[in-house]
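Engineer: One structure, as structure tokens, below. Some questions next.
The values are calculated or read from the model by the stated rules, or taken from the named source; none is laboratory data. Please read these numbers as outputs of a predicted model, since none were measured by experiment. Backbone-built Cβ (ideal geometry, glycine too); neighbour counts: all protein chains shown.
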């Protein structure tokens, strides 16, 4: 138990001052010793941290007495889990047949350029994570981009900046 903890890159004092680690300890304690506990613990830990960083994975493995490889295997198998931080807003560009034929690739390229990321990347400001999706069921509006629950149809690359700015401005107003 202690050996894996010593390999973790995060120092203990940082954990002690971060209330998320206490929440994680409470979650692990609630499920310790129960069969099938790994997935519910991972789910709740991801709700607390926003993703599942390596040190959290180590603590879960130790607390549930399961191999770290099993924790990693579950995280990488299920698309629900992520070991990388995600942006506040998830952008999905549909690359289904109708969207692709009508120019979704150009919209995706513009998003990559505007955000400075590749697919599955998160913008430096932490606001946006860029994903490619398959058919969102709005083929008549192709090409389609989603940001969270918002759907943008008949997308053109030149509309990307204005749409992103709407979310950026909303964030700035929320902070003011």
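Engineer: Just to verify a result, which residue in segment 73-82, among those that are surrounded by fewer than 16 Cβ atoms within 10 Å (Cβ to Cβ) and closer than 12 Å to residue 52 by Cα, is nearest to the chain's Cα centre (by Cα)?
Structural biologist: Among them, the one singled out is 80.
Engineer: Moving on. Can you name the residue in segment 88-120 that is touching a strand residue (DSSP E or B) at 6+ places or on another chain (Cβ under 6 Å) and over 17 Å from residue 152 (Cβ atoms) and is also surrounded by the most Cβ atoms within 10 Å (Cβ to Cβ) among such residues?
Structural biologist: Going through the qualifying residues, I end up with 117.
Engineer: Still on this structure: Does residue 31 qualify as being surrounded by 15 or more Cβ atoms within 10 Å (Cβ to Cβ), farther than 28 Å from residue 87 by Cα and modelled with pLDDT of 85 or more?
Structural biologist: Yes, satisfied.
Engineer: Still on this structure, please answer the following. Answer yes if at least one residue in segment 103-113 is part of a loop (DSSP other than H, G, I, E, B) and not assigned by TED's automatic domain parsing to the domain that holds residue 50, and no otherwise.
Structural biologist: Start the filter on segment 103-113 by keeping residues that are part of a loop (DSSP other than H, G, I, E, B), which leaves 103.
Keeping just the survivors that are not assigned by TED's automatic domain parsing to the domain that holds residue 50 gives 103.
Yes, some residue in segment 103-113 is part of a loop (DSSP other than H, G, I, E, B) and not assigned by TED's automatic domain parsing to the domain that holds residue 50.
Engineer: Among the candidates 130, 42, 24, single out the residue that is in the same structural domain as residue 158 (by TED's automatic domain parsing) and either closer than 27 Å to residue 172 by Cβ or in contact (Cβ under 8 Å) with a residue 12 or more places away in the chain (or both).
Structural biologist: Answer to the check: 130.
Engineer: Something else about it: For segment 122-153, how many residues meet the condition of being touching a strand residue (DSSP E or B) at 6+ places or on another chain (Cβ under 6 Å), within 17 Å of residue 94 (Cβ to Cβ) and not in a loop (DSSP other than H, G, I, E, B)?
Structural biologist: 10
Engineer: Next up: Going by what's in this entry, would residue 137 be described as surrounded by fewer than 18 Cβ atoms within 10 Å (Cβ to Cβ), more than 16 Å from the chain's Cα centre (by Cα) and on the phi > 0 side of the Ramachandran plot?
Structural biologist: When the stated conditions are applied, residue 137 passes them.
Engineer: Any residue that is in contact with a helix residue (DSSP H, G or I) (Cβ under 7 Å, 6 or more places away or on another chain) and assigned to a strand (DSSP E or B) - is there at least one of those in segment 154-161?
Structural biologist: Scanning segment 154-161, I find no residue that is in contact with a helix residue (DSSP H, G or I) (Cβ under 7 Å, 6 or more places away or on another chain) and assigned to a strand (DSSP E or B), so the answer is no.
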